[in-house]
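Data block below; observations after.
The values are calculated or read from the model by the stated rules, or taken from the named source; none is laboratory data. This one's a predicted model, so the numbers in the text were calculated from it and none came from an experiment. Cβ coordinates were reconstructed from backbone atoms using ideal geometry, including for glycine residues, and neighbour counts include every protein chain displayed. Surface accessibility is based on the protein's heavy atoms, side chains included, excluding ligands, DNA and RNA. Shrake-Rupley method; radii C 1.70, N 1.55, O 1.52, S 1.80 Å.
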Amino acid sequence: MTVDGTDRTAAAGGEGASGPAPCVLEARGVGKVYHPASSRVVVALDRVSQRFEAGGLHVIWGPSGCGKTTLLSLLGGLDMPTTGEVLVDGTPLDRLSEPELSLFRRRRVGFLFQNSNLLAGVPLWANVSLSMVPDGISSASRRAAAGARLAELGLEDLGDRTPEELSGGEVHRAALARALVRDPDILLADEPTSQIDEANAAGVMAVLDRLARAGKVVVVASHDRFVREAARWVTELKSTRRAIGG
Amino acid sequence: MKHWTLLWLALEMAVRHPVRFWATVGCLVAVFTPLLVGMAILEGVRAESIASVDEGPDLLVTGYEYGRNGSVAEALVERCRRLPDVSRARGRIVGRTFLSDRLLTVVGLGRSDGLPVPPEGEAWVGAALAADLKIVAGSYLSLADQGELTLRVGRVLSPRAGLASSRLVMLSLKDAQKLYETPGRVFDLQIWVRPGEDRHARRLLQVAYDLRTTGHPLRIQTKKLVGEYVDRGLSIKGGTFQALYLVALGVLVPALLVTSGFGLSTRRWEIGLMKALGFSVVDVIEMAAVETAAMSVLSTCLSFLLAWCWVRLLEGALVAQLFIAGLEQGSVSEIPARFAPEPVLIVLALAAILLSAGLVYTSYRSATARPVEALR
Ligand SMILES: Nc1ncnc2c1ncn2[C@@H]1O[C@H](COP(=O)(O)OP(=O)(O)OP(=O)(O)O)[C@@H](O)[C@H]1O
Ligand SMILES: [Mg+2]
């Protein structure tokens, strides 16, 4: 319920943000209530205010069920808050029309889901480049773009395989490739290290850190100590349930 | 370009779920094939009837007794023939009789120049009937009604002579009069009026008037009227078929909704994912529309192909009997059928409407939900 935003590496920071005006994502008093006005009411997130900037990793930290996924969904425009607002470069997301919001999700946000969410039976390259379809990008260009991303993540030979033919770690990296394929300003990663071994986790964190330093806003939700170590800023969410009970 | 990539993606996504795809198409085909068969046979029978009416006489005259059709004196035929505007006239006897438990139509034809008529003592037999009774030219045929007759089969009519003649026995008028014991009477009178565009109608009226002044009570029907009776009878049959069909459709539509609805949660999830990745509502609807169009066209084509096979290879089994009275399996070489474009277009439209309800609408519902909700 309370938010504790601390800059752990404030002294070392400041070198990342270069190039054109960097993107800023901001949550202002953002709250989410499921089933309001019913006996099943759930306060998933209670009034979170936080600015997310480029330059280093933001980690949203907290125990299971404290609302990390909920907050990431609100930041990425996949859901709308019950209270407060999310702003991108000063524009509230709820002010955007449906096509504008779709465009925001497509071009500016990369979302790494907690459970990957790849389409079964679809080759990896098509999965990775799915968000390029509504822009009318030819399948040859999509295949090339997907191939490049997959190669960066060490999956260069697997573009024609389907997700069922991959290991858990490979699926996870493919999902990361999909999040990165449009070269988004904002990367939202939900538990990027929870399902994979340490070596893979370190690789993924290195990629995220590099992006953050290259001027992207990178927000990672996790309860993994290893992720917290890598963070420049930590936003700590306390379990709202405990807060309500106590 | 954007529409192309969406179109391809839509087709790829559709064939990713082959069971769902083919179950839906199969359901539509099962609904539409019999409809197309019925419509084709209805059209075919109508065309054949109209053709036979067109070749028929300009006036059909029957006697009129106690409000019903009755017989006419044969002498009237000769009188008619002498009327100035009449080019041809002949008397007929049309009746039914049983032959080895088969009901058949007997037509006795009076002589008239230019029209083929069996000579006395001879019978001409329809192709289907001949095949049924294993009759060939030269066999003998015994008919019994009021009177009894033994006739030599002079000819078996060509199977291409049309459905109407395939179960007929044609006799000379004299023999038919013996069979039904109606000497000197005919059942109807066919009159052809001299052609000549503008004067044709006037001549018809003149002939009709002349006939009335003979003092016989007569019922006179024009070709147009006969055509309308035929058409009306067919329309009623067609209407009955369509009504039966609507009932069947009413039963099958829920089945269709079940098949297209089955896998709905997967579809919802996929749409949620696409929305999360930045597809707009319009993109999603466009894809659903492409899928609808593809499935409609595919199921219409398949229905058409199957209907064609049903008519040509199975002779419209089960459906043809609805339209053609007394038709038995395999009794004619070719069922009259005509595949007109209208029923095919109707089927296409119906498929599109049904699928839109099941597919475009549910896609719209999923697409307008927030992505996290659809992804859940
Ligand atoms: N659709 C929903 N309806 C009701 N409650 C929900 C719904 N979605 C999430 N919640 C609740 O909201 C709270 C926050 O959920 P959320 O998924 O954001 O947690 P989380 O921090 O991501 O947990 P984890 O670390 O296990 O992934 C939880 O208590 C959860 O039970
Ligand atoms: Mg979570």
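Kindly establish whether B:VAL86 is farther than 23 Å from B:SER139 by Cα, open to solvent by less than 30 Å² (accessible area, probe 1.4 Å) and of a type outside the set (Ser, Thr, Tyr). Spell out the reasoning first.
Numbers: farther than 23 Å from B:SER139 by Cα: yes; open to solvent by less than 30 Å² (accessible area, probe 1.4 Å): yes; of a type outside the set (Ser, Thr, Tyr): yes.
Yes: the conditions hold for B:VAL86.
Tell me which residues, restricted to region B:362-374, are within 10 Å of another protein chain (Cβ to nearest Cβ) and crowded, with 21+ Cβ neighbours inside 10 Å.
Result: B:ALA367, B:PRO371, B:ALA374.
I'm told A:GLY154 meets every condition in (1) assigned to a helix (DSSP H, G or I); (2) open to solvent by 30 Å² or more (accessible area, probe 1.4 Å); (3) more than 12 Å from chain B (Cβ to nearest Cβ); (4) within 28 Å of A:CYS23 (Cβ to Cβ) except one. Can you identify the failing condition by its number?
(1)
If B:GLU65 meets every condition in (1) touching a Leu at 6+ places or on another chain (Cβ under 8 Å); (2) open to solvent by 60 Å² or more (accessible area, probe 1.4 Å) apart from one, which number is that one?
Exception for B:GLU65: condition (1).
Can you name the condition, by its number, that B:LEU103 falls short on among (1) at pLDDT below 85; (2) crowded, with 16+ Cβ neighbours inside 10 Å; (3) not in a loop (DSSP other than H, G, I, E, B)?
Against the list (1) at pLDDT below 85; (2) crowded, with 16+ Cβ neighbours inside 10 Å; (3) not in a loop (DSSP other than H, G, I, E, B), B:LEU103 comes up short only on (2).
Scan B:GLU78, B:GLU122, B:GLU65 and give me the residue that is modelled with pLDDT under 80 and farther than 24 Å from B:LYS224 by Cβ.
Details: B:GLU78 fails: modelled with pLDDT under 80; B:GLU122 fails: modelled with pLDDT under 80.
Of the residues listed, the single one that is modelled with pLDDT under 80 and farther than 24 Å from B:LYS224 by Cβ is B:GLU65.
Among (1) more than 16 Å from ligand 2 (Cβ to nearest atom); (2) in contact with a helix residue (DSSP H, G or I) (Cβ under 8 Å, 6 or more places away or on another chain), there is one condition A:CYS66 misses while meeting the rest; what is its number?
Result: A:CYS66 passes all but (1).
Being β-branched (Val, Ile, Thr) and crowded, with 21+ Cβ neighbours inside 10 Å narrows it down to one of A:THR162, A:THR193, so name that one. Give the derivation first.
On the way: A:THR162 fails: crowded, with 21+ Cβ neighbours inside 10 Å.
On inspection, the qualifying residue turns out to be A:THR193.
Sort out for me the helices (runs of 4 or more DSSP H) sitting completely within region A:37-146 that have 3 or more residues that are more than 10 Å from chain B (Cβ to nearest Cβ). Lay out the reasoning, then the answer.
Details: elements: A:68-75, A:98-103, A:124-128.
The helices (runs of 4 or more DSSP H) meeting that bar are A:68-75, A:124-128.
Restricted to region A:92-122, and to residues that are among the charged types (D, E, K, R) and surrounded by fewer than 18 Cβ atoms within 10 Å (Cβ to Cβ), which residue is nearest to ligand 2 (Cβ to nearest atom)? Give the derivation first.
Initial filter on region A:92-122 (among the charged types (D, E, K, R)): A:94-95, A:98, A:100, A:105-108.
From what's left, surrounded by fewer than 18 Cβ atoms within 10 Å (Cβ to Cβ): A:94-95, A:98, A:100, A:107.
On the way: A:ASP94: 23, A:ARG95: 27, A:GLU98: 26, A:GLU100: 27, A:ARG107: 25 Å.
Top of the filtered list is A:ASP94.
Name every residue in region A:55-81 that is away from ligand 1 (no atom under 16 Å from the Cβ) and open to solvent by 10 Å² or more (accessible area, probe 1.4 Å), in order of residue number.
None; the set is empty.
Taking A:GLY84, is it of a type outside the set (D, E, K, R), modelled with pLDDT of 90 or more and near ligand 1 (Cβ under 9 Å from one of its atoms)? Lay out the reasoning, then the answer.
Working: of a type outside the set (D, E, K, R): yes; modelled with pLDDT of 90 or more: yes; near ligand 1 (Cβ under 9 Å from one of its atoms): no.
Considered against the rule, which asks whether it is of a type outside the set (D, E, K, R), modelled with pLDDT of 90 or more and near ligand 1 (Cβ under 9 Å from one of its atoms), A:GLY84 comes out as no.
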